[in-house]
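Below is one structure; the comments refer to it alone.
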Amino acid sequence: MATTKGEIVEQFRCQAIREAAMRVVSRKGYDHVTVQDIADEAGIAKGTVYLYFRSREDVLEKTMSISFEEFHILIRDAIGRGGTFRECVEQVVKAQLDYFEQQQEFFRLYLAMAEPLGERRLRKHASYRTHIAQLVTMVEAAAEKGEVRDAPAERIAIALASVIRDIGLQRMTEKNKRPLEADVAFVRDFMCPG
């Protein structure tokens, strides 16, 4: 928690730079963003970015990590509501798709991390690994109750994350979106047939 005026200014500046980075990545893609782009978007000099971040990668890494914090809490809470595996999947899908729609710049950053050349980067990113671990925990709890087939929990978690991400992308690009509940039901039924 910031206590001095200098610390408050630093927090504000870092947040403004991260928000600018998120907007630029959402427009240009992860690999095409420069520190100058971020500085221009934030309305500051390029050198000011380097006062707070070591490099372009540092800005993008911290942007991704901090952006994921709220997302992780949302998913944890959805899983925490409990119920059957089918109910948990429904709660997670609804929470995630709704969050992607409300936080479109975050979702674009998430997608940019998953671009064809970035897929390996996303899969190695600590925030993505945390998200998958949350889903693995949900799957393992369901497996203990006999609610899911005998398959590696991490594979099921990755499949669920991928399906939700791609349905979210489809929703973002559609002119006439289906009701959110219809897509939630689709993913739930796809992942939990019967």
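Summary table below
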read-out: Qualifying position, being touching a residue at least 12 places away in the same chain (Cβ under 8 Å), β-branched (V, I, T) and touching a Phe, Trp or Tyr at 6+ places or on another chain (Cβ under 6 Å), among V35, V59; value: V59
read-out: Qualifying residue in the range 30-40 (condition: surrounded by 14 or more Cβ atoms within 10 Å (Cβ to Cβ), closer than 22 Å to M172 by Cα and in contact with an Asp or Glu (Cβ under 8 Å, 6 or more places away or on another chain)); value: yes
read-out: Criterion violated by E181 - all others in (1) modelled with pLDDT of 95 or more; (2) open to solvent by less than 20 Å² (accessible area, probe 1.4 Å); (3) among the charged types (D, E, K, R) satisfied; value: (2)
read-out: Test set (1) open to solvent by 20 Å² or more (accessible area, probe 1.4 Å); (2) under 30 Å from V9 (Cα atoms) - A143 fails condition number; value: (2)
read-out: Near pairs, Cβ below 8 angstrom, 6+ apart or cross-chain, from the range 127-147 (over 17 Å from Q91 (Cα atoms) and at pLDDT 90 or above) to any residue that is open to solvent by 30 Å² or more (accessible area, probe 1.4 Å) and of a type in the set (D, E); value: A143/D150
read-out: Residue count for the range 147-157, restricted to those that are closer than 16 Å to P193 by Cβ and open to solvent by less than 60 Å² (accessible area, probe 1.4 Å); value: 3
read-out: Those residues of the range 57-107 which are open to solvent by less than 10 Å² (accessible area, probe 1.4 Å) and either among the aromatic types (F, W, Y) or not in a helix (DSSP H, G or I) (or both), in sequence order; value: F68, F71, F100, F106, F107
read-out: Unmet requirement for E41, which otherwise passes all of (1) among the charged types (D, E, K, R); (2) in contact with a Ser or Thr (Cβ under 9 Å, 6 or more places away or on another chain); (3) farther than 19 Å from H125 by Cα; value: (2)
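The values are calculated or read from the model by the stated rules, or taken from the named source; none is laboratory data. Not measured: the values here are computed from a predicted model. Using ideal geometry, Cβ is built from the backbone for each residue, glycine included, and neighbour counts are taken over all protein chains shown. Please note that ligands, DNA and RNA were not included when accessible areas were found on the heavy atoms of the full protein model with its side chains. Shrake-Rupley method; radii C 1.70, N 1.55, O 1.52, S 1.80 Å.
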